[in-house]
1. What is the residue count in the stretch 71-110 for residues that are loosely packed, with under 12 Cβ neighbours inside 10 Å, at pLDDT below 95 and not in a loop (DSSP other than H, G, I, E, B)?
2. Kindly provide the set of residues from the stretch 32-54 that are closer than 15 Å to GLU94 by Cβ and surrounded by fewer than 13 Cβ atoms within 10 Å (Cβ to Cβ), ordered by number.
3. Looking for whichever is of a type outside the set (S, T, N, Q) and modelled with pLDDT under 90 here; the options are MET43, MET1. Which one fits?
4. Go through (1) at pLDDT 85 or above; (2) surrounded by 13 or more Cβ atoms within 10 Å (Cβ to Cβ); (3) out of contact with any Gly (no Cβ under 8 Å at 6 or more places or on another chain); (4) not small (Gly, Ala, Ser) for MET114 and report which single condition fails.
5. Kindly check whether there is at least one residue in the stretch 2-22 that is farther than 18 Å from THR99 by Cβ, polar (S, T, N, Q), surrounded by 12 or more Cβ atoms within 10 Å (Cβ to Cβ) and within 12 Å of the chain's Cα centre (by Cα).
6. Six or more apart or on different chains, Cβ atoms under 8 Å: show the pairs whose first residue is in the stretch 1-30 and part of a helix (DSSP H, G or I) and whose second is among the acidic types (Asp, Glu) and at pLDDT 85 or above.
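The values are calculated or read from the model by the stated rules, or taken from the named source; none is laboratory data. Quick caveat, the model's predicted, so the values are computed rather than measured. Every residue, glycine as well, gets a Cβ built from its backbone with ideal geometry; the counts of neighbours run over all protein chains shown.
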Amino acid sequence: MFKGGQPNMQQVMKQMKQMQERMDQVQQQLEQMTVQGNAGGGMVTVTANGKQAVVKIEIEKEVVNPEEKEMLEDLIVAATNQALQKAAALANEEMQKVTSGMIPTIPGLKLPGM
């Protein structure tokens with residue numbers, strides 16, 4: 001990458017373009033990857049994709065009780081938050097695979113789509 005102590009800008013631009021293409025591919029793949037969050041011992045399961053969008057909510061019929069509506073709402077929130085946290089971690093992990101060694105790790109830096 002360096003020639004005589006100077007960066008070869010053409011090589012740097014080529015690598016940046018390749019990294020951008022790979023990041024675009026990962027973004028598309030993340031949409032197909034899923035993670036799940038559970039609450040209430042599996043009574044509520046939320047599935048989210050790697051782009052941090054909820055794609056499915058499953059509720060066991062045992063917890064569907066009009067008398068305990070607030071409990072069910074709390075379980076849905078807890079399972080959703082867990083699924084979204086896992087989706088964010090998945091996206092971060094997949095993007096780090098692409099950028100490893102190309103971009104210095106900077107605490108707090110979030111790449112596009114993360």
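1. Residues flagged as loosely packed, with under 12 Cβ neighbours inside 10 Å, at pLDDT below 95 and not in a loop (DSSP other than H, G, I, E, B) within the stretch 71-110 amount to 2.
2. Hit for the stretch 32-54 is GLN32, nothing else.
3. It is MET1.
4. With (1) at pLDDT 85 or above; (2) surrounded by 13 or more Cβ atoms within 10 Å (Cβ to Cβ); (3) out of contact with any Gly (no Cβ under 8 Å at 6 or more places or on another chain); (4) not small (Gly, Ala, Ser) applied to MET114, the lone miss is (1).
5. So far as the stretch 2-22 goes, no, none of its residues is farther than 18 Å from THR99 by Cβ, polar (S, T, N, Q), surrounded by 12 or more Cβ atoms within 10 Å (Cβ to Cβ) and within 12 Å of the chain's Cα centre (by Cα).
6. From the stretch 1-30, the pairs are VAL26/GLU94; GLN29/GLU94; LEU30/GLU94.
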